[in-house]
1. How big is the gap, in Å, between the Cα center of region 184-228 and the Cα center of region 290-347?
2. Given R₀ = 35 Å, FRET efficiency for residue 257-residue 287 by Cβ-Cβ distance, to 0.05?
3. Straight-line reach from residue 327: which lysines fall under 25 Å, measuring Cα to Cα and dropping same-chain residues less than 8 apart?
4. To the nearest 10 degrees, how steeply does helix 74-84 sit against the main Cα axis of the chain, on a 0 to 90 scale?
5. Going by alpha carbons, how many degrees (0 to 90, nearest 10) lie between the helix axis of 36-50 and the longest principal axis of the chain?
6. Output needed: Cys residues of the chain lacking any neighbouring Cys C-beta below 4.7 Å, sorted by number.
7. Net charge within 13 Å of residue 375 by Cβ-Cβ distance, Lys/Arg positive one each and Asp/Glu negative one each, not counting residue 375 itself?
8. Loop only by DSSP, 14 or fewer other Cβ within 10 Å of the Cβ. Give me the GluC sites (Glu not before Pro) in region 1-98 that pass, ordered by residue number.
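Read-outs: derived from the displayed coordinates by stated rules, not from any lab. All of these numbers come straight from a predicted model, not from anything done at the bench. For neighbour counting, all protein chains shown are included, and Cβ atoms are generated from backbone atoms with ideal geometry for every residue, glycine included.
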Amino acid sequence: MNIRTIHELKNIRGKRVLLTVDFNISLHNGNITNDTRIVEALPTINYLRKEGAKIILISHLGRPRGYDKKFSLRPVAERLRKLTKIKVNLIDDFWEGKAINIINKIPEDELILLENIRFYKGEEDNDKIFSKHLAKMADFFVNDAFGTSHRVHSSIVGIADYLPSFAGMLMAKEIQVLSDALNKPARPFLVLIGGAKTPEKIAVIERILDIADTIALGGAISNTFLAAWGFGTGKSLVDYEMVEMARVVFWKAAKKHCALILPQDLVISDRERSKMPSVIEYNKIPNNVAIYDIGPKTQKYYCKLINEAKTIIWNGPMGFYEDPLYKKGTDAVLKCLSNSNAYSILGGGDTITSIKERRYLEKISHISTGGSAMLSFLEKGTLPGIDVLIKN
Ligand code: ADP
Ligand code: 3PG
Ligand code: MG
């Protein structure tokens, strides 16, 4: 993919850059639970600083409806200050003209972070006036927000109409790694998909059938595929509107000679999970129970697939991981993945949240900062935020 990157920028000392990043991290009681997305943006920040540019950072946090202090980027500004040891000026109300004066007066060696960009309606509307207002603040635009680049928003797509635009280092790395996996995967190429966002994931499965050797399913999405096959799924989470689509995917898998694998055994409980978990074969699910995890036979089989594979992409927990009783399948997959010699790529908000131990994460070849963005890239081979960075 031929995109403009920050390494093409020359003589930027004293120039102002709008740098969009994805600092949409998870907060628990106001504390950051995982700062991967901030850490991963540091190489670009450091590079632009070294080259002498004045950096104005843009990010969203959560999905606020209008101005809402609960979604303030203040904890992010604080963490960024700790990580960089540089003063971070959080600019509230940057819609006001006077904010531009304030920004202009901030010394070049300090960082500027605009308050949550989604406090402004113009952002999600990709509003032209809003984009122009942002563009007035800087001389050029850098997008390092891979995780948000599937959104057609002002700070991702709109600004590029008004400023020379470039990809940051994280963006370039994500594109490189994911394109390589799609275009020239070492084989066998295994894709593990779990989680609950069935409609968007089913589209990725359909696309990836063309290139993967094996797709193994877990999580709620495999319930929908079991239902499509005609097996009873009791009270399990099933996306009934996707059942027909799942049948099309089975048909296409057969045509493409891609093995589409479903769990052989499952961990069940009652709907409220008040009973202790028990293990059952895939074709014997009673009507009054729900599936919450993959069973031990499936774990073992998925582990075998992982050991045999040379390229692995994993997105989506294998079960209801928030309850430790149903986290065994997800943990088993992670453990095998961390012992494998394959090139491994992992992505997805919940998938990463489910991993508590850093020693496992360190063994994964590439941890994508994108959840839906990674899936959308795998499905379409590009993203709206990348399209505006492509060289003519
Ligand atoms: P990611 O963010 O990694 O892409 P998703 O958002 O698609 O993953 O899915 C994560 C959610 O899926 C978690 O909240 C998890 O509890 C849920 N989940 C996984 N398996 C099941 C299941 N069998 N029944 C109900 N929920 C499940
Ligand atoms: C993500 O967490 O997937 C990105 O930051 C995008 O967030 P969004 O789904 O609220 O647009
Ligand atoms: Mg999720």
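1. 13
2. Computed FRET efficiency for residue 257 and residue 287 comes out at 0.50.
3. 197, 201, 235, 275, 284, 297, 300, 304, 335, 356, 363
4. Helix 74-84 sits roughly 80 degrees off the main axis of the chain.
5. Taking the Cα atoms of the chain, the angle to 36-50 is about 30 degrees.
6. So far as the 4.7 Å Cβ criterion goes, 258 stand without a partner in the chain.
7. Neighbour charge sum, excluding residue 375 itself: -1.
8. Sparse-neighbourhood loop GluC sites (Glu not before Pro): 96.
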